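J.: First, the structure itself, so that you have it in front of you.
The values are calculated or read from the model by the stated rules, or taken from the named source; none is laboratory data. Bear in mind that the values here come from a model prediction, so they are computed numbers and not experimental data. Here the Cβ positions follow ideal geometry from the backbone for every residue, glycine too, while neighbour counts run over all protein chains shown. SASA here: full protein model, heavy atoms, side chains in, ligands and nucleic acids out. Shrake-Rupley method; radii C 1.70, N 1.55, O 1.52, S 1.80 Å.
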Amino acid sequence: NDDVNFYETLEDVSLEQNPLPEIYASETGTIYARLENANQCQDVLEISLVVNSTPSFSMPESYLICTDDPSLTISGPEGFDSYTYYKIGGNTEEVIATNRMTPIFEIGEYVLEAGYEYTQDGQITICSSRVEFKVLPSNRAVIDNVLISDLSKNNSVQIEVSGDGDYEFSLDGVSYQDSNLLENVTPGLATIFVQDKNGCGISEEVISVLGYPKFFTPNGDGFNDTWQLIGIDGRFQTDSSISIFDRFGKQIAEINTDSKGWDGTYNTRTLPASDYWFKAILEDGREVKGHFALIR
């Protein structure tokens, strides 16, 4: 019967000492095989061991894709000979690309396998490593509801949204905040902006924050010549009624929401500088009262 033992050096071969174990971890190098028959050395073979480097690379654990406009390109690390992308579905893996860069259009779990090619004795061997990553959803916000607290000292706007994104909120499209509650809002027409922090876009909506001037000066100079509720136009609170009274409670004017407002007269007669009162019954059912000054 032929026996084979392996050794690290020729000296060990000749002395038949320090035989290698069955499982032997080695770097690139040379070992020797001693072939025996009936305890007689038949031959000694030199065996070259080639240990190729295992690829090592890392990727982000997750990427984000804008589901309302899918456009994501994954770029694998440079310097490898082969790239294979897989999409994981249950217990299966589907090859989706064999290039370093690939577009991805769906959320889910993926794998990139990158490797080196080694050629020895005409045989090509690929040594590869795998890294898993996830593609998570993001998108522009859907503005579901806007809660406006107006006609107050601190007007506020609370914006309720839905969506997969990470959102921030603004009244000017420049300065954004994480809270969906915007405070100290100036009366008038305004545009609210909701931006996805992941870059999937901005949603916007025009709103009306009601208020009223504390005074007006009907002197014909083109500034503050009439008095009207602020934030009312053809789109907001159009079916509202506004009545104006003097300090004795006498109604002296009734103005429409589509007009410039009260000009400080009663039956074409100019009224004196004084405090005046108003009562507005708004289209949304609210009744608002207040007073203001006519200054001449």
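J.: Cα convex hull of segment 42-102: how many Å³ per residue?
T.: Values: hull volume 10.3 nm³, N = 61.
Measuring per residue, one finds 169 Å³ for the Cα hull of segment 42-102.
J.: Shifting gears a bit: Suppose we keep just the alpha-carbon trace of the chain; what are its Rg and Dmax in angstrom?
T.: Considering the chain through its Cα atoms, Rg and Dmax are 40.2, 136 Å.
J.: What residues have an amide H closer than 5 Å to that of A141, excluding those fewer than 5 places away on the same chain, when H is modeled at 1.01 Å from N in the peptide plane?
T.: Here the answer is D196, S203, since their amide H atoms fall under 5 Å of that of A141.
J.: Determine how many Å³ per residue the convex hull of the Cα atoms of segment 98-142 encloses. Intermediate results must be reported in sequence, preceding the final value.
T.: Values: hull volume 3.6 nm³, N = 45.
Dividing the Cα hull volume of segment 98-142 by its residue count gives 79 Å³.
J.: If you roll a 1.4 angstrom probe over the protein chains with everything in place, what fraction of the accessible area of segment 1-139 belongs to carbon and sulfur, to the nearest %? Mind dumping the intermediate values first?
T.: On the way: 4110 of 9180 Å².
Answer for segment 1-139 is 45 percent, counting heavy atoms of protein chains only.
J.: For segment 68-111, what size does the Cα cloud have along each of its three principal axes, sorted from largest down, in whole Å?
T.: 32, 28, 11
J.: Can I ask one more? Along the positive direction of the dipole of segment 196-296 (beta-carbon charges: Lys, Arg +1; Asp, Glu -1; about the Cα centre), which of G261, F216, I295 reaches farthest?
T.: Highest projection toward the positive end goes to I295.
J.: With just the Cα atoms defining each centre, how far is segment 224-277 from segment 103-121? Give it in Å.
T.: Segment 224-277 and segment 103-121 have Cα centres spaced 73 Å from each other.
J.: Return a whole-number percent for the relative contact order of the chain, with Cα pairs under 8 Å and 6 or more residues apart as the contact set.
T.: This gives 10 percent for the chain.
J.: Let me ask something else about it. If you find the alpha carbon centre of segment 32-97 and of segment 167-189, how far apart are they in angstrom?
T.: If we compute the Cα centre of each part, the gap is 51 Å.
J.: Pop out the carbon and sulfur fraction of the accessible area of segment 155-210 as a percent, whole number, probe 1.4 Å.
T.: On segment 155-210, the fraction of accessible area on carbon and sulfur atoms equals 39 percent.
J.: Roughly what percent of Cα-Cα pairs across segment 1-88 reach past 18 Å?
T.: Distances greater than 18 Å cover 64 percent of the Cα pairs.
J.: Another one. When the Karplus curve 6.51 cos²θ - 1.76 cosθ + 1.60 is applied with θ = phi - 60°, which whole-Hz ³J(HN,Hα) does each residue of segment 229-244 get, with x for Gly and Pro?
T.: Per-residue couplings from phi come out as 4, 8, x, 9, 8, x, 9, 10, 6, 5, 8, 10, 10, 10, 10, 10 Hz.
J.: From the phi of every residue in segment 104-116, what ³J(HN,Hα) in whole Hz does the Karplus formula 6.51 cos²θ - 1.76 cosθ + 1.60 yield, where θ is phi - 60° and glycine or proline is x?
T.: Each residue's phi maps through the Karplus curve to give 10, 10, 10, 6, x, 9, 9, 9, 10, 10, 10, x, 9 Hz.
J.: Here's a follow-up. Find, among the GluC sites (Glu not before Pro) in segment 148-188, those assigned to loop by DSSP (not H, G, I, E, B) with at most 12 other beta-carbon atoms within 10 angstrom.
T.: Loop-located and lightly packed - E183.
J.: Given a cut-off of 20 Å, name the pairs among K153/K197; K87/K197; K250/K289 whose C-alpha atoms lie farther apart than that in the structure shown.
T.: K153/K197; K87/K197
J.: Give me the accessible area per residue for segment 207-296, probe 1.4 Å, as a whole number in Å².
T.: Values: 5160 Å² over 90 residues.
For segment 207-296, the per-residue accessible area is 57 Å².
J.: Give me, ordered by chain and number, the residues 5 or more places off S82 or on other chains with an amide H under 5 Å from its own placed amide H.
T.: Placed amide hydrogens put G115 under 5 Å from S82.
J.: Over segment 116-165, with the other protein chains present, what is the accessible area per residue in square angstrom, probe 1.4 angstrom?
T.: Value returned for segment 116-165: 61 Å² of accessible area per residue.
J.: List the relative contact order of segment 30-79 as a percent without decimals, with contacts defined as Cα pairs under 8 Å and 6+ residues apart.
T.: Details: 32 pairs, mean separation 12.1, N = 50.
Dividing the mean separation by the residue count of segment 30-79 yields 24 percent.
J.: Would you list W227, W277 from the most to the least accessible area, probe 1.4 Å? Intermediate values should be presented prior to the final figure.
T.: Working: W227 0, W277 115 Å².
My answer, sorted largest first, is W277, W227.
J.: Which are the unpartnered cysteines of the chain, meaning those with no other cysteine Cβ under 4.7 Å from their Cβ?
T.: By the Cβ distance rule, which asks for a partner under 4.7 Å, the isolated cysteines are C41, C127.
J.: Residue by residue through segment 56-65, which ³J(HN,Hα) values in whole Hz follow from phi under the Karplus form 6.51 cos²θ - 1.76 cosθ + 1.60 (θ = phi - 60°), with glycine and proline marked x?
T.: 9, 7, 9, 9, x, 5, 8, 10, 10, 10
J.: Moving to a separate point now. Would you mind telling me the share, in percent, of accessible area of segment 215-254 contributed by carbon and sulfur at probe 1.4 angstrom? Provide the component values of the computation, followed by the final result.
T.: Details: 1110 of 2290 Å².
Of all accessible area on segment 215-254, carbon and sulfur atoms account for 49 percent.
J.: Go through 118-126, 228-236 and give me the packing order, highest mean Cβ count within 10 Å leading.
T.: 228-236, 118-126
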